[in-house]
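Engineer: Take a look at the following structure, please.
The values are calculated or read from the model by the stated rules, or taken from the named source; none is laboratory data. Bear in mind the structure is a predicted one, so any value in this text is a computation, not a measurement. As a convention, Cβ positions derive from the backbone with ideal geometry for all residues, glycine included, and neighbour counts pool all protein chains shown.
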Amino acid sequence: MHGPPLPQVRSFRERLGALKNLGPFLSMVWRTSPSLTAASLVLRLCRALLPVATLYVGKLIIDEVVLLVQLSNKPGTLQGWLDSGLATGLGLLLLIEFALAVLSDVLGRVVSLIDSLLSERVSNASSIRLMQHAATLDLEDFEDAEFQDRLERARRQTSGRMSLLGQLLGQAQDIVTVVSFAAGLIIYAPWLIVLLLLALVPAFLGEAHFNAQSYSLDYARTPQRRELDYVRQTAASAETAKEVKIFGLHGFLIDRYTQLATAFYAANRRLARRRAGWGGLFAAIGTAGYYCAYAFIAWRTLAGVFSIGDLTFLAGSFRRLRNLLEGLLSSFSTTAGQALYLDDLFTFFEVEPEILSPQHARSFPRPIRAGFVFEGVGFRYPGAERWAVRDLSFSLRAGEVVALVGENGAGKTTLVKLLTRLYDPDEGRILLDGHDLREYDLEALRGSMGVIFQDFVRYNLSAADNIAVGRIDARHDRARIERAASRSQADEVIARLPGGYEQMIGKRFKNGVELSGGEWQKIAIARAYMREAAVLILDEPTAALDARSEYEVFKRFKELSDNKTAILISHRFSSVRMADRILVLADGQVEAAGTHEELVSQQGRYAELFELQAAGYR
């Protein structure tokens, strides 16, 4: 087991270039909620001016106290001070500082509330945008491992980068505070600003370097992180629990997880140690700069140039400036690092689908008149050397029920994917009523096809919703749902459920009821009938049914396919023989076509497979 690859550190130019992502990010924040964004900015501006105002009032208080202490005829009691009116100015200054402290606390809490609401809304909005964009992409993208890594990184950024929002707003607030403190320092001792910057630049460069290393490490190990999540899910999930227990896989999975996690920990530890060591050195340089400035201010106070209040104000300003600038430089570096992560999100949004509706697309024909024609169709999966189908030519006439037969890998499912434009042919073309399938509106084309694959999804939803996904915009049409269930014989399954159509099925959530494989398949087949589509396709969705049940399902399928174009794929010849025509696929081509009786009489591959299966029942 190899650990994650060593990080490739991004260049300074790349890190700086990643800041371009901040514009689109802030634009996305503003579009999500202009009112919350504006409120946060205004309140932060007010709060940014409070620290220097509070510190300056503190200077005035100290100077006032020193002045009063030096009075030769000062009162000896508190009542005397009150009666003399000498402490009126001091009392007013104390009241002002108290009000500023309360205002700062209140503004801080309100800003935190607004930021938390805004962050959640931005996270939700970006997650929705990611799902919407993912829905437009091609099946080819989702079957690519590199795309899966990109999608995983983008998915993490929808929530993982929300801290960046608070950081950017906090930086804007700190910049205003820094300017106000710097203005005070410049009036008294301008060169202290230069000393401050020289002390902090090393820390900034160090943070920038280690943030870039951290991103590079995270980027490089995305595949291993996906494997880590997969192993964790496999080791402890309802879907895999039976096999994990039966095969005793828990030890193997735990060892695999431990190896991956240990490699991640070792890489993180190396980076954390270097970061801590260099960070300590840079912090010491900053502290030395502060105390040099502090010594200078103290000496100038002893020389009578500064008052005690000035000493307090300048020392406090320098200390606050040092902390603020150190934080700003560090956060700027962190911001550049997080902007690199935003690359993962925004580059995902730049991925464009290749399978699209053309301009001025044709409407799907209702009804289909001539049917489908495959003309020399060839297709090869991305990255594959072998053609899935090649020189594939046949017709699928309107209103005809055609069965596809062939050994595994013959191209049956690929044919269905091409027919539904989940993929487009690399060679040849597919015609519908004499026009290339690519000329039709994509949404209308797919919306007119009811397809159930062998690896159909088992949704942890109510029984009604599990059927309604076949035509989700009609999920409130109970009569249509019940009609679809009756056609697939799923109504018998639902009648046995405690909650009927409202029963949650699947064991992921509380009160869910698990179904058998055959029961799930009847629910899935109901989705095809729910669609009430012009073309019905069943791609081996009945593998978990016994021979009698599958026969009944396909017999019903044949009866309900009147005036519909239909395709069924099955390995059971007792079922496919009821089709109007059977196509035998081999090596991605149509090897033979005809009725069951015609194909058996030809003594070819179909007859051979039929005899092998029949012998198993004798």
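Engineer: For region 82-105, state whether one or more residues are part of a helix (DSSP H, G or I) and more than 30 Å from Y56 (Cβ to Cβ).
Structural biologist: no
Engineer: Now, a different point. Before we move on, is P382 surrounded by fewer than 19 Cβ atoms within 10 Å (Cβ to Cβ) and more than 31 Å from the chain's Cα centre (by Cα)?
Structural biologist: No.
Engineer: Check whether at least one residue in region 534-546 is without any contact (Cβ under 8 Å) to a residue 12 or more places away in the chain and under 24 Å from L356 (Cα atoms), and report yes or no.
Structural biologist: no
Engineer: With V401, V377 as the choices, which residue is farther than 17 Å from K564 by Cα, over 32 Å from the mean Cα position of the chain (by Cα) and not small (G, A, S)?
Structural biologist: V377
Engineer: Tell me whether region 451-465 contains one or more residues that are over 30 Å from I505 (Cα atoms) and outside the structural domain of L139 (by TED's automatic domain parsing).
Structural biologist: Scanning region 451-465 turns up no residue that is over 30 Å from I505 (Cα atoms) and outside the structural domain of L139 (by TED's automatic domain parsing).
Engineer: Examine region 331-350 for a residue that is out of contact with any helix residue (DSSP H, G or I) (no Cβ under 7 Å at 6 or more places or on another chain) and of a type in the set (D, E, K, R), and state whether such a residue exists.
Structural biologist: yes
Engineer: Here's something else I'd like to know. Which residue is nearest to S214 (Cα to Cα), if the candidates are limited to region 250-265 and must be at pLDDT 80 or above and small (G, A, S)?
Structural biologist: So the residue we want is A263.
Engineer: Name the residue that is modelled with the highest pLDDT, counting only residues in region 225-249 that are crowded, with 17+ Cβ neighbours inside 10 Å and not β-branched (V, I, T).
Structural biologist: L228
Engineer: Still on this structure, I have one more. Mind checking which pairs have a first residue in region 51-66 that is assigned by TED's automatic domain parsing to the domain that holds S317 and a second that is of a type in the set (S, T, Y), Cβ under 6 Å, 6 or more apart or different chains?
Structural biologist: That search, which allows pairs on different chains as well, returns P51/T177; V52/S180; K59/T312; I62/T312; D63/S307.
Engineer: State whether one or more residues within region 447-469 are in contact with a Pro (Cβ under 7 Å, 6 or more places away or on another chain) and either assigned to a strand (DSSP E or B) or more than 17 Å from E540 (Cα to Cα) (or both).
Structural biologist: There is at least one residue in region 447-469 that is in contact with a Pro (Cβ under 7 Å, 6 or more places away or on another chain) and either assigned to a strand (DSSP E or B) or more than 17 Å from E540 (Cα to Cα) (or both).
Engineer: Still on this structure, please answer the following. Looking at (1) in a loop (DSSP other than H, G, I, E, B); (2) surrounded by 17 or more Cβ atoms within 10 Å (Cβ to Cβ); (3) more than 27 Å from the chain's Cα centre (by Cα), which is the one condition that is false for P498?
Structural biologist: The single condition P498 does not satisfy is (2).
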